[in-house]
């Protein structure tokens, strides 16, 4: 009998990796639940919400989507109350991924926050990329979302991030242009951007706002008062 060791197949490795990932997520869930159970009644409510978000993330990975929604949604409300905008956007990311009835609504909230507040540009790219994925190929909404992502990067990205993030959003625009109008050259792309009026933020940003209004639908579906939040923004 040969004493050579059996070489695991790719399928075996994938099963093993999946089992390890689930074990890790289960441990993360248990840790988060223990921390929440032991959290002081008079403790920092923002830190408690962040623990809830960690729990929601573990639940999402374990495909317990409804439970993940419940924890992320509760955390979101606290983040908004505390004006912890980056945390609120991360909560929206999880809420979107849970694929629950309100997930598309959560996406719109995450996009609005990531555009309105000066959070890390990567948050905006993630949220707006989801809009591109959700939008039909022949719709102008994806083009507006891609242009908005590129604009936000130009406005907010730090010097050490600018090149890499601009590369991502340039590719996002090219992807949208190709599927929207079969654009396959720089000359065609320049013409398409001009035709779609995607070079002027004074034009495409209001269009982005309209896209979000369409996603959310009725004004009562917003989880916060946008006018109130806008009124609290610092005046430049």
(request) Scan (1) closer than 23 Å to residue 72 by Cα; (2) not in a loop (DSSP other than H, G, I, E, B) for the single condition residue 223 breaks and write down its number. (result) (2)
(request) Assess whether residue 185 counts as being under 22 Å from residue 86 (Cβ atoms) and out of contact with any helix residue (DSSP H, G or I) (no Cβ under 9 Å at 6 or more places or on another chain). (result) no
(request) Identify, by number, the condition in (1) in contact (Cβ under 8 Å) with a residue 12 or more places away in the chain; (2) surrounded by 15 or more Cβ atoms within 10 Å (Cβ to Cβ); (3) assigned by TED's automatic domain parsing to the domain that holds residue 212 that residue 181 doesn't meet. (result) (1)
(request) Please work out if residue 123 is modelled with pLDDT of 95 or more, in the same structural domain as residue 192 (by TED's automatic domain parsing), part of a helix (DSSP H, G or I) and under 13 Å from residue 211 (Cα atoms). (result) no
(request) Would you confirm whether any residue within segment 85-92 is surrounded by fewer than 22 Cβ atoms within 10 Å (Cβ to Cβ), modelled with pLDDT of 95 or more, farther than 24 Å from residue 161 by Cβ and in contact with a helix residue (DSSP H, G or I) (Cβ under 7 Å, 6 or more places away or on another chain)? (result) no
(request) Consider residue 206 carefully, then state whether it is outside the structural domain of residue 116 (by TED's automatic domain parsing) and out of contact with any helix residue (DSSP H, G or I) (no Cβ under 9 Å at 6 or more places or on another chain). (result) no
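Here's the yes/no breakdown for (1) under 13 Å from the mean Cα position of the chain (by Cα); (2) over 25 Å from residue 233 (Cβ atoms); (3) assigned by TED's automatic domain parsing to the domain that holds residue 121:
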{"residue": "46", "(1), (2), (3)": "no, no, no"}
{"residue": "52", "(1), (2), (3)": "no, yes, no"}
{"residue": "61", "(1), (2), (3)": "no, yes, no"}
{"residue": "69", "(1), (2), (3)": "no, yes, no"}
{"residue": "107", "(1), (2), (3)": "yes, no, yes"}
(request) Among residues belonging to segment 149-172 that are more than 11 Å from residue 121 (Cα to Cα) and touching a residue at least 12 places away in the same chain (Cβ under 8 Å), point out the one that is farthest from the chain's Cα centre (by Cα). (result) 170
(request) Go through 190, 184 for me and flag whichever is farther than 21 Å from residue 106 by Cβ and part of a loop (DSSP other than H, G, I, E, B). (result) 184
(request) Determine which member of the set 42, 120, 138, 71 is free of Cβ contacts under 8 Å to residues at least 60 places away in the same chain, more than 30 Å from residue 192 (Cβ to Cβ) and surrounded by fewer than 19 Cβ atoms within 10 Å (Cβ to Cβ). (result) 42
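The values are calculated or read from the model by the stated rules, or taken from the named source; none is laboratory data. All values reported here derive from a predicted model rather than from experimental measurement. Every residue, glycine as well, gets a Cβ built from its backbone with ideal geometry; the counts of neighbours run over all protein chains shown.
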